[in-house]
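One structure is given below, encoded as structure tokens.
The values are calculated or read from the model by the stated rules, or taken from the named source; none is laboratory data. Please read all numbers here as calculations on a predicted model, not as lab measurements. For neighbour counting, all protein chains shown are included, and Cβ atoms are generated from backbone atoms with ideal geometry for every residue, glycine included.
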Amino acid sequence: MIEVTDLYKEFKGIPVLKGVSTTFEKGVTNMIIGQSGSGKTVFLKCLVGLHIPDSGIICFDGRKHTELTIKEHRLLRQEIGMVFQGGALYDSLTVEENIMFPLKMFADQSFSEMLDRVNFVLKRVNLEDVNNKFPAELSGGMQKRVSIARAIVMNPKYLFCDEPNSGLDPNTATVIDNLIKEITEEYQIITVINSHDMNSVMEIGEKIIFLKDGVKEWEGSNKEIFITENEAVVNFVYSSNLFRKVREAYLKETK
Amino acid sequence: MNYLRHVGKYFIMLRQVFRKPQKWSVFREMLFREIEDLGLKSLGIITFISFFVGGVVAIQTALNVDSPFIPKYLIGFATKRSMILEFAPTFMSVILAGKVGSYISSSIGTMRVTEQIDALEVMGINSLNYLVLPKIIATVFFYPLLISLAMFLGIFGGYVAGTLTGLFFSEDYLYGIRLDFDPYYIQYALIKTVVFAFVIATIPAYHGYYVKGGSLEVGRASTQAVVWTSVVIILLNYFLTQMLLA
Ligand SMILES: Nc1ncnc2c1ncn2[C@@H]1O[C@H](COP(=O)(O)OP(=O)(O)O)[C@@H](O)[C@H]1O
Ligand SMILES: [Mg+2]
């Protein structure tokens with residue numbers, strides 16, 4: 001379990017996160033939603049240690065980030081997989097080298113063992129015959145899959161995804177969402193996904209945290225988000241006409 | 001004051017760079033890659049420029065010493081000295097600052113703005129050590145070879161120029177370049193080269209690593225990197241010359 005307590009972060013005096021507390025369980029797809037600029041990325045980067053919070057505690061299965069030495073931090077990071085918004089694949093390395101990279105760095109395995117593992121995770125994200133391609137030669141959806149493959153190659157306990165389906169067409173986006181959900185359940189990972197895409201929220205959001213201006217405004221499941229009366233959530237979720245009509249129909253039906 | 005802050009941040013960066021590589025096999029792989037990218041790929045331009053600069057220096061000297069009282073072997077002598085002391089180590093380093101410096105800062109800068117550096121850090125990798133140390137080792141060990149080659153080719157360029165233009169006799173030239181040979185000058189030149197190589201690897205890395213924003217800022221950072229690398233090379237050249245020769 002990851003416990004976040006009263007997380008506070010500011011940049012040059014401008015507060016971005018204003019005391020966020022929550023918990024993330026394993027095997028469940030946790031989602032952080034909120035408008036662009038609400039602090040989702042900053043929150044995620046605080047969790048993985050790319051930003052140092054100004055105050056608050058992040059506790060990974062009993063390990064408080066404030067009490068770890070630099071070395072312990074590095075070790076903890078080997079249990080973390082992260083999918084960045086733009087994929088962040090190393091563009092001078094091939095797909096195979098990208099995915100193999102963490103193994104080469106941290107696992108004492110022979111080349112053929114590493115290659116087996118690479119091919120295994122590539123297959124897991126439904127990619128084949130791309131081993132020797134460079135990231136620039138792949139479509140956006142394929143890059144995201146490679147990025148997911150790289151994130152899970154070390155068998156992480158924690159998986160963080162920053163807007164994993166931004167810039168993808170709705171079909172591909174759904175495929176990626178479901179892939180992350182499956183992997184989360186299959187390997188019992190603690191997964192946290194940033195998103196502003198309501199489709200994914202409805203599709204896979206088992207626990208949803210709604211951030212607004214750096215404050216946790218609402219928390220619940222994708223069933224509850226349908227019927228919540230919280231004005232900010234309603235405004236965000238039902239900013240499109242279609243969703244508003246779906247909500248009205250749904251509420252009428254359940255009455 | 002701002003400059004001081006940058007200088008401080010630069011040295012703090014270096015402290016992160018000079019750590020033991022996390023995995024030697026990965027480091028070795030990176031090192032070979034960098035020797036190719038930063039060294040071998042600069043062979044062409046260094047060869048070309050040093051050869052022609054040597055030729056021009058010889059011709060200019062020949063044209064300026066037409067007094068019958070000045071011996072002709074001075075042309076070879078002057079070409080040799082200026083190639084070894086300044087043109088090869090300093091001039092070529094400034095050229096490398098432009099070529100290699102912009103490459104280093106734009107490649108690291110792109111990694112920064114596309115979150116590739118964050119991806120390294122999340123994996124638990126010391127990104128500065130991983131990215132910058134192999135570059136330093138590659139330039140510091142490879143550039144002395146490159147600059148020695150430039151010295152040789154410059155002097156050879158002067159010889160070829162003399163033969164082609166007929167401005168001086170090749171015997172005089174050969175006598176001149178052998179005259180008063182002092183290995184300390186080569187040592188001095190190579191010490192300078194090592195220092196400049198370090199500067200060429202680290203100042204652009206600094207500019208690239210701490211870039212914020214997008215591709216526009218990456219471009220701007222690489223211009224800045226080339227300017228500052230050149231300025232620092234010229235300043236250090238002055239101080240090193242005073243320290244080592246005066
Ligand atoms: N490194 C940074 N320095 C200064 N301000 C930042 C930095 N990163 C994010 N911010 C600011 O924090 C706010 C939240 O950003 P972010 O977390 O990226 O939003 P999003 O929810 O879209 O991911 C924005 O106003 C952004 O300008
Ligand atoms: Mg974001």
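The residues of segment B:165-208 that are assigned to a helix (DSSP H, G or I) and aromatic (Phe, Trp, Tyr), listed by number, are B:173, B:175, B:184, B:185, B:188, B:196, B:198, B:206. Screening segment B:119-172 for residues that are under 24 Å from residue B:208 (Cβ atoms) and among the small types (Gly, Ala, Ser) and picking the one that is farthest from the other protein chains (Cβ to nearest Cβ) gives B:138. If the condition is being in a loop (DSSP other than H, G, I, E, B) and either within 13 Å of chain B (Cβ to nearest Cβ) or within 19 Å of the chain's Cα centre (by Cα) (or both), then segment A:56-68 contributes A:61, A:68. For beta carbons closer than 6 Å, sequence separation of 6+ or different chains, a first residue in segment A:14-34 that is on the phi > 0 side of the Ramachandran plot and a second that is outside any strand (DSSP E or B), the qualifying pairs are A:27/A:185; A:27/A:188; A:34/A:40. Only one of the listed residues (B:122, B:140) is within 30 Å of residue A:82 (Cβ to Cβ) and not acidic (Asp, Glu). That residue is B:122.
Okay, residues lined up against (1) surrounded by fewer than 21 Cβ atoms within 10 Å (Cβ to Cβ); (2) modelled with pLDDT of 95 or more:
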position: B:163; (1), (2): yes, no
position: B:166; (1), (2): yes, no
position: B:172; (1), (2): yes, no
position: B:179; (1), (2): yes, no
position: B:189; (1), (2): no, yes
position: B:197; (1), (2): no, yes
position: B:217; (1), (2): yes, yes
position: B:246; (1), (2): yes, no
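Only one entry of A:53, A:102 meets the criterion of being surrounded by 15 or more Cβ atoms within 10 Å (Cβ to Cβ) and either within 12 Å of chain B (Cβ to nearest Cβ) or within 30 Å of residue A:137 (Cα to Cα) (or both), and that entry is A:102. Only one of the numbered conditions (1) more than 14 Å from chain B (Cβ to nearest Cβ); (2) modelled with pLDDT of 95 or more; (3) in a loop (DSSP other than H, G, I, E, B) is not met by residue A:113, and that is (3).
Does segment B:12-23 contain at least one residue that is under 23 Å from the mean Cα position of the chain (by Cα), surrounded by 14 or more Cβ atoms within 10 Å (Cβ to Cβ) and within 14 Å of another protein chain (Cβ to nearest Cβ)? Within segment B:12-23, not a single residue is under 23 Å from the mean Cα position of the chain (by Cα), surrounded by 14 or more Cβ atoms within 10 Å (Cβ to Cβ) and within 14 Å of another protein chain (Cβ to nearest Cβ).
From the list A:75, A:122, the one residue that fits, being over 22 Å from residue B:33 (Cα atoms), at the interface with chain B (Cβ under 10 Å from one of its Cβ atoms) and either more than 18 Å from the chain's Cα centre (by Cα) or acidic (Asp, Glu) (or both), is A:75. Residues in segment A:11-41 that are within 26 Å of residue A:182 (Cα to Cα), out of contact with any helix residue (DSSP H, G or I) (no Cβ under 9 Å at 6 or more places or on another chain) and near ligand 1 (Cβ under 7 Å from one of its atoms): A:40, A:41. If you filter segment A:78-99 down to residues that are in contact (Cβ under 8 Å) with a residue 40 or more places away in the chain and in a helix (DSSP H, G or I), you find that the one that is nearest to the other protein chains (Cβ to nearest Cβ) is A:98. Just wondering, is there one or more residues in segment A:10-19 that are within 16 Å of ligand 2 (Cβ to nearest atom) and in contact with a Gly (Cβ under 8 Å, 6 or more places away or on another chain)? Yes - at least one qualifying residue is present in segment A:10-19. Looking at A:147, A:139, A:166, which one is within 16 Å of ligand 1 (Cβ to nearest atom), out of contact with any Ser or Thr (no Cβ under 6 Å at 6 or more places or on another chain) and of a type in the set (S, T, N, Q)? Matching residue, one of A:147, A:139, A:166: A:166. Do we find a residue being within 13 Å of ligand 1 (Cβ to nearest atom), buried (at least 18 other Cβ atoms within 10 Å of the Cβ) and away from every other protein chain (no Cβ under 12 Å) anywhere in segment A:3-10? The answer is yes, given that some residue of segment A:3-10 is within 13 Å of ligand 1 (Cβ to nearest atom), buried (at least 18 other Cβ atoms within 10 Å of the Cβ) and away from every other protein chain (no Cβ under 12 Å). Reported count of residues in segment A:142-191, each being small (Gly, Ala, Ser), part of a loop (DSSP other than H, G, I, E, B) and out of contact with any His (no Cβ under 9 Å at 6 or more places or on another chain), is 1.
Restricting attention to segment A:25-41, report how many residues are within 11 Å of ligand 2 (Cβ to nearest atom), crowded, with 21+ Cβ neighbours inside 10 Å and not hydroxyl-bearing (Ser, Thr, Tyr).
Total satisfying the criteria: 4.
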